[in-house]
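The values are calculated or read from the model by the stated rules, or taken from the named source; none is laboratory data. Since this is a predicted model, take the numbers as computed values, not measurements. Using ideal geometry, Cβ is built from the backbone for each residue, glycine included, and neighbour counts are taken over all protein chains shown.
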Amino acid sequence: MEYIRFYEDRGLYVVKAEGQYVWDLNGLRYLDFHTGHGVAFLGHRNPRIIEALKRQMEEVITAPPSFRVKIRDEMLQILEKIFPNKYTHMAMFNSGSEGVEIAIKLVRKATGRKKLVAFTNSFHGRTLGALSITGNARYRRPFEPLIPHVEIIQYNDVSSLDKIDGETAGVIVEVIQGEGGVIVANKEFIKALKERANSTGALIVIDEVQTGFGRTGKIWGFQHYSIEPDIIVAGKAIGGGFPVSIVATSSILASNLEYGEHGSTFGGNPLACAAVKASVEVFLEDNVLEKTESIGKILYDKLYSTLGEHRLIREIRGLGLMLGVDLRINPSSVIKCLQDKRVLALRAGTTTIRLLPPYLITLEDVEWGVRALAQCLNEELSSRTTIRPS
Ligand SMILES: Cc1ncc(COP(=O)(O)O)c(C=O)c1O
């Protein structure tokens with residue numbers, strides 16, 4: 001049998017992964033600034049998470065959400081340390097998209113309204129609900145008609161926000177659009193969005209699947225802004241490599257869903273709970289935020305001082321360890337060249353190289369990554385007669 005190819009084959013056969021590195025079949029070590037679309041933010045095979053999973057495997061590995069298990073209670077308790085007080089209720093799923101689905105249901109159920117507002121360039125997942133509010137038409141178009149009553153409006157444009165109106169159930173936003181090109185929301189935009197949502201009664205969902213759990217140097221990306229959304233959707237990094245997503249909200253909002261109105265066979269699985277609990281422990285005890293902020297700044301500064309003036313670069317942007325190097329050209333060949341130099345990165349939008357390293361990268365890793373990028377850009381420049389995005 002063959003795996004269906006939704007993604008292009010990057011020609012890398014991973015046989016081992018540890019911390020910020022992965023190894024291929026030939027024993028070559030790669031610096032991982034890809035981290036599986038941002039999942040391995042706490043490093044590959046973080047020993048505390050592995051230990052917790054092994055311990056849990058000795059006890060219970062499956063129990064439905066309708067049964068109580070000790071590890072779930074323990075996880076709920078420790079999650080209070082990373083969510084602001086208002087978020088008293090949460091549900092767990094297996095992927096970011098599934099988290100987005102329940103957020104859609106919740107805003108519609110809670111307001112009795114249907115309309116959803118989302119933004120150009122946004123990415124919220126591939127299930128049909130999440131896809132309906134994904135701004136990138138390339139992903140949506142092959143599967144239309146999707147769910148109705150969705151309006152996609154201009155990101156980072158205050159004047160577009162009057163489309164949030166008295167009919168709007170919810171507005172869903174990423175404070176940094178990851179897939180869309182590492183585009184950081186500006187402060188006035190988020191402030192105006194909050195005011196508009198408050199005045200119209202629309203609920204705010206912040207999709208923290210990529211930005212959450214420390215990636216940007218704060219626990220949640222929205223903490224860079226003066227906003228607390230009604231619903232937070234987290235995923236990727238929060239399971240330390242285990243597939244899990246979390247939707248957090250207030251008790252009032254949570255009470256809008258009644259028994260049977262949502263469910264998930266695997267949601268809240270004991271292994272997932274063990275992984276989340278251990279991830280939060282690592283997060284709190286290993287000063288992940290401070291380290292992310294400090295090494296993220298070092299990486300940004302190094303990129304900027306080495307490459308800020310490079311002819312192929314339009315902009316270097318991002319927060320913490322979610323950085324984008326926006327090129328004047330299609331980034332594919334540069335990303336391939338980086339891989340040849342054993343640095344893994346990924347694309348965002350049409351022209352951006354996205355760097356999503358783990359929090360534990362060292363100064364040597366920064367040197368390695370930036371040196372490789374500089375070499376690749378110089379090789380690319382010397383092979384070109386024109387500079388034009390394709
Ligand atoms: C912001 C955001 N939301 C949702 C998703 C979907 O998550 P998943 O692929 O786990 O379903 C992603 C995935 O890249 C994402 O970046």
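Brief remarks follow.
- For residue 298, the criteria (1) touching a helix residue (DSSP H, G or I) at 6+ places or on another chain (Cβ under 9 Å); (2) assigned by TED's automatic domain parsing to the domain that holds residue 89 hold in every case but one, which is (2).
- Taking first residues from the stretch 72-86 that are touching a residue at least 24 places away in the same chain (Cβ under 8 Å) and in a loop (DSSP other than H, G, I, E, B) and partners that are of a type outside the set (A, V, I, L, M, F, W, C) and surrounded by 13 or more Cβ atoms within 10 Å (Cβ to Cβ), the Cβ contacts under 8 Å between residues at least 6 apart in sequence or on separate chains come to 84/228; 86/228; 86/250.
- Criterion: away from the ligand (no atom under 16 Å from the Cβ) and under 20 Å from the mean Cα position of the chain (by Cα) - qualifying residue of 254, 248, 272, 278: 278
- Picking from residues in the stretch 184-230 that are within 13 Å of the ligand (Cβ to nearest atom) and part of a strand (DSSP E or B), the one that is farthest from residue 157 (Cα to Cα) is 208.
- Residue 135 vs. criteria within 16 Å of the ligand (Cβ to nearest atom) and in contact (Cβ under 8 Å) with a residue 60 or more places away in the chain: no
- Scanning the stretch 147-183 for residues that are away from the ligand (no atom under 13 Å from the Cβ) and in contact with a Lys or Arg (Cβ under 6 Å, 6 or more places away or on another chain) gives 149, 151, 153, 161, 164, 167, 168, 169.
- Candidate set from the stretch 90-117 (those that are of a type in the set (Gly, Ala, Ser) and away from the ligand (no atom under 11 Å from the Cβ)); member that is surrounded by the fewest Cβ atoms within 10 Å (Cβ to Cβ): 112
- Among the residues of the stretch 64-85, not a single one is within 14 Å of the ligand (Cβ to nearest atom) and crowded, with 21+ Cβ neighbours inside 10 Å.
- Residue identified as more than 26 Å from residue 175 (Cβ to Cβ), within 23 Å of the chain's Cα centre (by Cα) and either at pLDDT 95 or above or of a type in the set (A, V, I, L, M) (or both) among 343, 366, 325: 343
- Number of the condition not met by residue 166 [criteria: (1) surrounded by fewer than 15 Cβ atoms within 10 Å (Cβ to Cβ); (2) assigned to a helix (DSSP H, G or I)]: (2)
- Within the stretch 87-117, being in a helix (DSSP H, G or I) and of a type in the set (D, E, K, R) holds for 98, 101, 105, 108, 109.
- Residue in the stretch 335-346 that is nearest to residue 237 (Cα to Cα), counting only those that are surrounded by fewer than 23 Cβ atoms within 10 Å (Cβ to Cβ) and in contact (Cβ under 8 Å) with a residue 40 or more places away in the chain: 346
- Residues in the stretch 289-316 that are assigned to a helix (DSSP H, G or I) and without any contact (Cβ under 8 Å) to a residue 24 or more places away in the chain: 290, 294, 297, 300, 301, 304, 305.
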